[in-house]
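As structure tokens, the structure follows; a few thoughts come after it.
The values are calculated or read from the model by the stated rules, or taken from the named source; none is laboratory data. Keep in mind the model is a prediction, meaning the values are calculated, not measured. Ideal geometry is used to build each Cβ from the backbone, glycine not excepted, and the neighbour counts take in all protein chains shown.
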Amino acid sequence: MPILRLRLMIALVVFVAATDLAAQTDAAAVLMGDPSSLISPGTQPATQPAVVNVITTDQNLVLRAMRGENVTLTAQDFLKPSLWIGFIQDTLFWTIGFIPRLITACILLLIFYVLYRIVRKLVKSTIGAAGVDESICDMLNMLVKWAILGFGLIIAGNQVGIQIAALLTGVSIIGLAVGFAAQETLSNFIAGIMIFIDKPFVVGDWIQIDGHLGQVKRVTFRSTRMIDLDGDIVVMPNTTMLAYKVINKSANSVTRCRVMVSIGYTESIDRAREVLLTMIRADKRIEPRPEPEVVVVNLNQSSVDLMVHFWIKEERYEDAMQYEYMEKCKEALDAAGIEIPFPHMQLVMPPGVKPADG
């Protein structure tokens, strides 16, 4: 019995395949302009065209339904072997036709990946020779990567049948909405590129901006990060770095320190200058060129203000040296017997008037 059932199934499959082959042959004959093979003999009228009865099959109804076409399928249709034979045939034909396109897409992706590696190597060698900091290199490598590989993905997707035009339209609409929502982020991104082009500072420089003095640690897409003298990380938006005045302490090989001291009007300016310069020249941390100097900057009501200028190599110690020499100047003047005035009030009593007791 099992052998008999197997033979019946094989015969049924052969019959359905033959019927399908005959239907395809008849349809091909119609398309080739030879409908005579489908017309019953002896029924051709003399003056009217022949009626062609093309045998239709439902082998691709499943694929048509999967494509979204209006196709009516009943439970009996699913029990027909011809339906599933046609579905398998169409699936095989589609797969065979899709494989070359998939291989082409993979080859295109490989080509764009190789192109990206070549361009990245050229960019890294160029900006490395220019002395650009590492954070800017990472930024440019990211831009090159998404530009080249993104274009390669678009072309590869077009090869496998993805509707690139509709996809790009949707992406552009989303990009427009994101652009309006992230204007500040885009502004900081463009400012970061301008910092790279203009190079007002690089990583490792000591800069002063908006009252903050610190060393630049990293420049990212959105912000510039530096560490101040207290060890705190200060994050400044890139737009702020371009909008405010930036003082680059590392641009010059030496940094000038300034210390203000005051002496009384009865004291000699030349003697006070000699005392201060002698103390400064004995410190090996202070550069001999440019030479230190002591100049008069102001004449107050009760004092003469002197400004002490000297130069150091380490810009990070500017504040520490100023605080140190503010104390040393006071001690040197005291040792030399030079008066440092301070505000005081003199009360003069009229003749015959005595201060009250208590």
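With the requirement that a residue be among the aromatic types (Phe, Trp, Tyr) and not assigned by TED's automatic domain parsing to the domain that holds Ser303, what does the range 316-357 give you? Spell out how you get there, then give the answer.
Restricting attention to the range 316-357, the residues satisfying the condition of being among the aromatic types (Phe, Trp, Tyr) are 317, 323, 325, 342.
Listed by number, the list holds a single entry, Phe342.
Residues that are in a loop (DSSP other than H, G, I, E, B) and more than 39 Å from the chain's Cα centre (by Cα) within the range 249-267 comprise Gly264, Tyr265, Thr266, Glu267, listed in sequence order.
Which of the following residues is farther than 28 Å from His212 by Cα and among the acidic types (Asp, Glu): Glu315, Glu293, Glu324, Glu267?
Only one candidate passes the filter, namely Glu267.
Being of a type in the set (D, E, K, R) and modelled with pLDDT of 90 or more holds for only one residue in Glu314, Glu291, and it is Glu291. Filtered by the rule that a residue be part of a strand (DSSP E or B) and either exposed (fewer than 14 other Cβ atoms within 10 Å of the Cβ) or free of Cβ contacts under 8 Å to residues at least 40 places away in the same chain (or both), the range 217-234 gives Lys217, Ser223, Thr224, Arg225, Met226, Ile227, Asp228, Ile233, Val234. Would you check if Glu291 is touching a strand residue (DSSP E or B) at 6+ places or on another chain (Cβ under 9 Å) and closer than 21 Å to Glu314 by Cα? Taking the combined requirement at face value, the residue satisfies it.
Does Ile118 satisfy the criteria of being closer than 30 Å to Ile247 by Cβ and at pLDDT 80 or above? Let's see the steps before the verdict.
Numbers: closer than 30 Å to Ile247 by Cβ: no; at pLDDT 80 or above: yes.
So Ile118 fails the test.
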